[in-house]
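Below you'll find the structure, written out as structure tokens, and then a few comments.
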Amino acid sequence: MENRRIPENIIKVVAVASDMITPYGKGTKACWENIFAGRTAISKLNRFNASEFQSEYAATIEGLEYHGKDSLVVQMLASLFGKFKGLIPSDAKLLVATTKGEIDLIEEKILAGKKDVTENSQTVFLERVSSIAGTKDKGTIISAACSSAGAAIARASAMIKCGRAECVIVVACDSVNEFVYSGFSSLMALDKFTAKPFDKNRSGLSLGEAAAFVLLMSKSRSRRENREIIGEVLGWGLSDDANHMTGPSRSSEGLILALKKALLSADADEKDVAFISAHGTGTVYNDSMEMRAFNAVFKDRKPIYSIKGGIGHTMGAAGLVEMIIAMRALREGKIPPTVNLTEADSDAEGWVSERERSIPQNKIALVTNAGFGGINAAVVLG
Amino acid sequence: MMALCGIGWINKEEYMCVMKRLRVRYKDTTSFDGLSKKGIFSYPFKNFGRLDDVSKMVCYSTALALKDADESYSPDHKRDMGIIGTNTDGSLQSDIDYFKDYVDCDRKLSRGNLFIYTLPTSPLAEAAIHFGLQGPLLYMTAEKAKLPLVIRTAEDMLRLEESQSVLVGINNKDEAMYFVFKKDPEPESPVLCEISKAISVIEKEISLLEMAEEFLMIQKGKC
């Protein structure tokens, strides 16, 4: 692996626009301010009856109509792109990161006893996203479990670096619905109340929902078009544990591999990393797996945080929301607290904090995600 | 050099290792499920019966592609090889199976063993676990040209040295085809053609079987 790095003369990839809708409301500002205030958006569900499940809590976006005219993610995307309509470059390629997309439409059909459940829904979904985002490109779905957004950022950056596209819009979205909620409950993955990432008393994740987008383009084009650069994708590493369908690796070797690949591809040293936006779901095994990996890769403790105590685990959207927050953290020189953290677990002590922290300038950030099937993603941002 | 080094194809009646010119009609002697015990895998696939149909198809075709590429694997060896898959429906049938079962249980009981196959990456993850693939793993789909899409993604991965080799392919309900692509393959590694040549074949709007036969012709032309 020693020689694996993206050649320096290759095209640089920058982010020039982004936004999100989360359980805190519309806009990055709402998410940023609430996370920094240490508020959680996780509350008792009223979207469907969850009384039979392991938990009745989740972080949902107000005002969405469940089993209404449009799917939950389409409602989120319509709200997200409202003010950006017509502003996305017409030649932008479209990548859509999601785990279950419009699964609520299938739910609705099954519950209604309809027979046309098997119609192809992926192409129709892509058409909807393309129409909402205003791209000519009909788009590609990228799914890598809860690492979907990280994988999509990697693929978008690769397309630009390899000259396949000058401009790519990455859209990520997933919703809280009975399908997904019952599934996570069956795997006993949910905290009864609110997720407490990296806490000594954590006992599971809380599901959340979100939609976000990041517009990536070559640095040369951003200069040509006089666009403000809000962040740079310096590198990435994708890997798989090759270990278990749902449980994280006990040795963390997959995430370690992804982290090392990411740093090598960015031609960066571990000491250059100012902070890590961790996956930090709040499950006992995930957070321990991550801490083992961070301990293996970094000589000194790095500031780490997770935003999932605030907005819950937004699945396919998680990595993109986290990337947008991390880019802003780099710009503003401070990182948010880990919401719901009371007492750090012994392996996370000195890494995580319940308070915001300032970070040094001219450093880089890592955003990590891990998903079912052992899929890991690490993205290096500058 | 980025090269095509192995192709595995299977449907519900026969299978093929294209470069080895191995074509076996199994339907008359064993069932689709029974194939798992007939030497397709180098070592026993633990609990193969619990896999959903798509996962079985993907695991068979990836095993055949690895065999075609002379890539050995074992339970105690993992490698930095990626896997990218595509299809038309994602995990639609598994989604339906899971949710109907949940509804049949009065929306009170959901089964984790059905839920885990409701991700389109689950078949790829099953293959990654059995074959020890620790490289990038993802599912992609688009309206058209699904196979060229994932092959070009594999090309990007190899060009940017994200992985030294990638398994990439497509499945549907009744057949699957996976390819092994490598960057700078070892001298002893079989090579069918460069990735650009492979893409020119894959971009033709022909069936997977016709594609396999065209690659077979390329292989014969080399000999």
Conditions (1) facing another protein chain (nearest Cβ under 9 Å); (2) part of a strand (DSSP E or B); (3) of a type in the set (Phe, Trp, Tyr) -> residue A:213 fails only (1)
When every residue in segment A:325-351 that is out of contact with any Phe, Trp or Tyr (no Cβ under 9 Å at 6 or more places or on another chain) and assigned to a helix (DSSP H, G or I) is compared, the one surrounded by the most Cβ atoms within 10 Å (Cβ to Cβ) is A:327
So how many residues does segment A:150-168 have that are out of contact with any Gly (no Cβ under 9 Å at 6 or more places or on another chain) and on the phi < 0 side of the Ramachandran plot?
-> 12
Considering residues that are on the phi < 0 side of the Ramachandran plot and either of a type in the set (A, V, I, L, M, F, W, C) or touching an Asp or Glu at 6+ places or on another chain (Cβ under 9 Å) (or both), the number found within segment B:142-171 is 20
Among the helices (runs of 4 or more DSSP H) confined wholly to segment A:1-113, which include 3 or more residues that are open to solvent by 60 Å² or more (accessible area, probe 1.4 Å) and of a type outside the set (D, E, K, R)?
-> none
Just checking, how many residues over segment A:303-315 are free of Cβ contacts under 8 Å to residues at least 60 places away in the same chain and either under 13 Å from the mean Cα position of the chain (by Cα) or open to solvent by 10 Å² or more (accessible area, probe 1.4 Å) (or both)?
-> 1
Within segment B:183-209, restricting attention to residues that are more than 16 Å from residue B:145 (Cβ to Cβ) and of a type in the set (D, E, K, R), which residue is surrounded by the fewest Cβ atoms within 10 Å (Cβ to Cβ)?
-> B:188
Out of curiosity, is residue B:168 touching a Ser or Thr at 6+ places or on another chain (Cβ under 8 Å), assigned to a helix (DSSP H, G or I) and either buried (at least 22 other Cβ atoms within 10 Å of the Cβ) or facing chain A (nearest Cβ under 7 Å) (or both)?
-> no
Residue identified as in contact with a Pro (Cβ under 9 Å, 6 or more places away or on another chain), of a type in the set (Asp, Glu) and open to solvent by 10 Å² or more (accessible area, probe 1.4 Å) among A:225, A:270, A:232, A:209 | A:225
Filter result for the condition that a residue is away from every other protein chain (no Cβ under 11 Å), surrounded by 19 or more Cβ atoms within 10 Å (Cβ to Cβ) and assigned to a loop (DSSP other than H, G, I, E, B), over A:136, A:196 = A:196
Restricting attention to segment B:86-99, which residues are more than 10 Å from every other protein chain (Cβ to nearest Cβ) and either surrounded by fewer than 17 Cβ atoms within 10 Å (Cβ to Cβ) or not hydroxyl-bearing (Ser, Thr, Tyr) (or both)?
-> B:97
Scanning segment B:114-143 residue by residue, the ones that are of a type in the set (S, T, N, Q), in a helix (DSSP H, G or I) and touching a Phe, Trp or Tyr at 6+ places or on another chain (Cβ under 6 Å) total 0
Counted residues in segment B:71-85 being more than 9 Å from chain A (Cβ to nearest Cβ) and of a type outside the set (Asp, Glu) come to 8
Select from segment B:100-120 the residues that are at the interface with another protein chain (Cβ under 7 Å from one of its Cβ atoms) and among the hydrophobic types (A, V, I, L, M, F, W, C) and write down the one among them that is surrounded by the fewest Cβ atoms within 10 Å (Cβ to Cβ).
-> B:103
Residue A:154 surrounded by 24 or more Cβ atoms within 10 Å (Cβ to Cβ), facing another protein chain (nearest Cβ under 9 Å) and in a helix (DSSP H, G or I) | yes
Lone unmet requirement of (1) of a type in the set (Val, Ile, Thr); (2) buried (at least 24 other Cβ atoms within 10 Å of the Cβ); (3) within 12 Å of another protein chain (Cβ to nearest Cβ) for residue A:180 | (2)
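The values are calculated or read from the model by the stated rules, or taken from the named source; none is laboratory data. Bear in mind the structure is a predicted one, so any value in this text is a computation, not a measurement. Using ideal geometry, Cβ is built from the backbone for each residue, glycine included, and neighbour counts are taken over all protein chains shown. Side chains included, ligands, DNA and RNA excluded: accessible areas come from the protein's heavy atoms. Shrake-Rupley method; radii C 1.70, N 1.55, O 1.52, S 1.80 Å.
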